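Just below is one structure, and these are the notes that go with it.
The values are calculated or read from the model by the stated rules, or taken from the named source; none is laboratory data. Only a predicted model underlies this, so the values are computations on that prediction, with no experimental measurement involved. Backbone-built Cβ (ideal geometry, glycine too); neighbour counts: all protein chains shown. Calculation scope for accessible area: heavy atoms of the full protein, side chains included, ligands and nucleic acids excluded. Shrake-Rupley method; radii C 1.70, N 1.55, O 1.52, S 1.80 Å.
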Amino acid sequence: MGLIDALGGNSAGIDASEAEADQRQKYPLLLHKDECVEMAFQVKGFGRDKSFMTTHRILIKDGKGIGNKRRSYVSIPYNSIQCFSVETAGMLDGDIELKVWTDGNPLSQKIEFSKREVNIWTI
């Protein structure tokens, strides 16, 4: 399933404290002073995309372009989440999906996780 996870863009857990330190060093203004990363995930394989569950919000980093020089961030404050859905993996599926819908946005944000490495119910 490792190759399927990598090609499918499925995320696996990474150390939250290391991820927080890395983000604070590279992007000092991205996280609030009193904000802590509680859970962190990185797409397996190429590893360009990351998502963070912080004390204030869900933060999704999308690496773009050759060499991952361009990045886009989506910030979803917890108080703006109207609803969410979880799709668990079937027998042949390699991924679990978390979708969230927010105020003022009819489209959902989706994060895919590797079923072998992430327990969706801990999120």
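Got a number for residues in region 68-110 being charged (D, E, K, R), in contact with an Asp or Glu (Cβ under 8 Å, 6 or more places away or on another chain) and modelled with pLDDT of 80 or more?
First, the residues of region 68-110 that are charged (D, E, K, R): 69-71, 87, 93, 95, 97, 99, 103, 110.
Then drop every residue that is not in contact with an Asp or Glu (Cβ under 8 Å, 6 or more places away or on another chain), which leaves 71, 87, 95, 97, 99, 110.
Adding the requirement that they be modelled with pLDDT of 80 or more leaves 87, 97, 99, 110.
Summing the residues that are charged (D, E, K, R), in contact with an Asp or Glu (Cβ under 8 Å, 6 or more places away or on another chain) and modelled with pLDDT of 80 or more in region 68-110 gives 4.
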Worksheet entry | Output for region 83-123, where each listed residue is in contact (Cβ under 8 Å) with a residue 12 or more places away in the chain, exposed (fewer than 11 other Cβ atoms within 10 Å of the Cβ) and assigned to a strand (DSSP E or B) | CYS83
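Filtering region 55-67 down to residues that are at pLDDT below 90 and either open to solvent by 50 Å² or more (accessible area, probe 1.4 Å) or assigned to a strand (DSSP E or B) (or both), which residue is farthest from SER17 (Cα to Cα)?
Residues of region 55-67 that are at pLDDT below 90, as a first pass: 60-67.
Next, only the ones that are either open to solvent by 50 Å² or more (accessible area, probe 1.4 Å) or assigned to a strand (DSSP E or B) (or both) stay: 60-64, 66-67.
On the way: ILE60: 17, LYS61: 17, ASP62: 20, GLY63: 21, LYS64: 24, ILE66: 28, GLY67: 25 Å.
Looking at the filtered set, the residue picked out is ILE66.
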